[in-house]
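Written out below as structure tokens is the structure these notes cover.
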Amino acid sequence: MDQSNRAKLAPARSGLYTSPHPGGGVAEGQKMRERLDAIDWKILAELQRDGRITNVELSRRVGISAPPCLRRMRALEDAGIIRGYRALLDEKRLGYEVTVFAMVHLTSQAESDLAAFDESVRNWPLVRECWMLSGEVDFILKCVAPDLTTFQAFLTELTATPNVRSIRTALALRRSKDEASVPLETALT
């Protein structure tokens, strides 16, 4: 990465724009977005399309040589824009036939109680996503299980968790959209 681009991303690495919450805040995201140039956006788009692409092929697609491409990619990783790389697995083909959304309402929204619930969520392997919400529901959990019996056992554990007031569940019937990527097309135009 040339010096001007390294300087643009440096504040994020130094912690100047960090947020205590995963994903950061709106202001942080806007500042980061302004630091990216057209090559950075191209790198991000290509990596979202194919996270296993070689650096040589990535550099060819974005129009720069391999060493600066690798430096840019590392800077994007260091800045937390690229959070990681993973394979996307088909849960149904692996025997996880049931997807359920659990809407959890807590008795208290004190920060210590929210943190305790967050910690519990991290220890439940069936919970694949957890979002804290505003409104009547405090958290929504996306859960996968091999069958309803397994999910029911988990639901019993969830119900017994301290500070849980109520839980509503919704069994997913079919997935209409599954897009793991960020809509970069809006940023590239």
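The values are calculated or read from the model by the stated rules, or taken from the named source; none is laboratory data. Quantities reported herein were computed from a predicted structural model and do not represent experimental measurements. Positions of Cβ are backbone-derived with ideal geometry, glycine not excepted, and every protein chain shown enters the neighbour counts.
A few points about this structure:
- Qualifying residue in region 136-159 (condition: part of a loop (DSSP other than H, G, I, E, B) and either under 23 Å from the mean Cα position of the chain (by Cα) or basic (Lys, Arg) (or both)): yes
- Residue match in region 93-112 (condition: in a helix (DSSP H, G or I), at pLDDT 90 or above and within 30 Å of ILE167 (Cβ to Cβ)): yes
- Cβ-Cβ under 8 Å pairs, at least 6 apart or on other chains, region 61-75 side closer than 15 Å to GLU46 by Cβ, far side assigned to a helix (DSSP H, G or I) and at pLDDT below 95: ARG72/ASN5
- Within region 94-112, the set of residues being surrounded by 13 or more Cβ atoms within 10 Å (Cβ to Cβ) and either over 16 Å from VAL137 (Cα atoms) or not hydroxyl-bearing (Ser, Thr, Tyr) (or both) comprises TYR96, GLU97, VAL98, THR99, VAL100, PHE101, ALA102, MET103, VAL104, HIS105, LEU106.
- Residue match in region 20-27 (condition: modelled with pLDDT of 50 or more, part of a helix (DSSP H, G or I) and exposed (fewer than 11 other Cβ atoms within 10 Å of the Cβ)): yes
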